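What follows is a short report on a single structure.
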Amino acid sequence: MMEVQGLHKSYGGRRVLAPVSFSLAAGEGLGIVGPNGSGKSTLLRLVAQVQRPDGGRILFQGRDVMGDRQFLRRQLGYVPQGDQLAGDLTVKQQLKLWQAACGIPGGLDEAVMEQMGVTSMLPKPIAQLSGGMRQRVSIAMALLQRPQILVMDEATVGLDERYGQALLDWLERFMGQGGRLIWCTHRVRELERLCGRCLRLEDGQARWGAPEQEDMRNSDR
């Protein structure tokens, strides 16, 4: 079981995320929904621990994993909204650098490379890639360590239909094997396919429920 207990965040004295709590069992997908600026990406950054909360805890299998680098690099994969790739590296250099940081020996995982169509891009400089290609590299990075938890922020944005569907298929298999998914999107069809529950944020406040009609506008994007 993964448990998020009371994570919250303020900037300059203004609270952008009130305390949020939820649990995530093996094989479960949790949708994060809400309008732009509601605190969704902030919540995901706090869960992925790329940003420090002002308070709260994250437990995994009963153990506090806040600040636990081994947990973050071996058991949690994160795809941010907007990649954080190094433009002066080739795709292979970027992936190998991340793999080394995670302490994963050997060559790159060929199945992951093939899944996201990254193999042919390995020699290319990241600065020369299109937005969709960069997104595929970012997703491949998150999958390299074969994590138990995936935190994904608008991961299909920028992907063409082929790779978007390939990712959704892979995520279904991932959860079928006990993986846990936190999935932030405006696309209702993806939420219906991957997520048994949805946590809706609005003005930094969280409540449980399905996506409301206003989210349907982007369901076919």
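Structure notes:
- Straight-line cross-link reach from Lys92 at under 25 Å between alpha-carbon atoms covers these lysines, not counting any fewer than eight positions away in the same chain: Lys124.
- Within a straight-line Cα-Cα reach of under 18 Å, Lys96 can be paired with the following aspartates and glutamates, leaving aside sequence neighbours fewer than 8 residues apart in one chain: Asp83, Asp88, Asp109, Glu110, Glu114.
- Counting only residues at least eight positions apart within a chain, or on another chain, the lysines with an alpha carbon under 16 Å from that of Lys9 are Lys40.
- For Ala142, net neighbour charge (Lys/Arg +1, Asp/Glu -1) across residues whose Cβ lies under 15 Å away: +3
- Relative exposure of Met66, Met152, judged by other C-beta atoms within 10 Å (fewest first): Met66, Met152
- Near Leu46: Cβ cut-off under 9 Å, other residues only, Lys/Arg at +1 and Asp/Glu at -1. The net charge is +3.
- Per-selection Kirkwood Rh - region 2-209 (Cα, Å, 1 d.p.): 17.4
- Label point of Asp54 set 7 angstrom out along Cα-Cβ; within region 1-28, amide nitrogens under 11 Å from it belong to 8-19.
No value in this document is a laboratory result; all are computed from the given coordinates. All figures in this text were calculated on a predicted structure; none of them were measured in a lab. Note: ideal-geometry Cβ built from the backbone for every residue, glycine included; neighbour counts use all protein chains shown.
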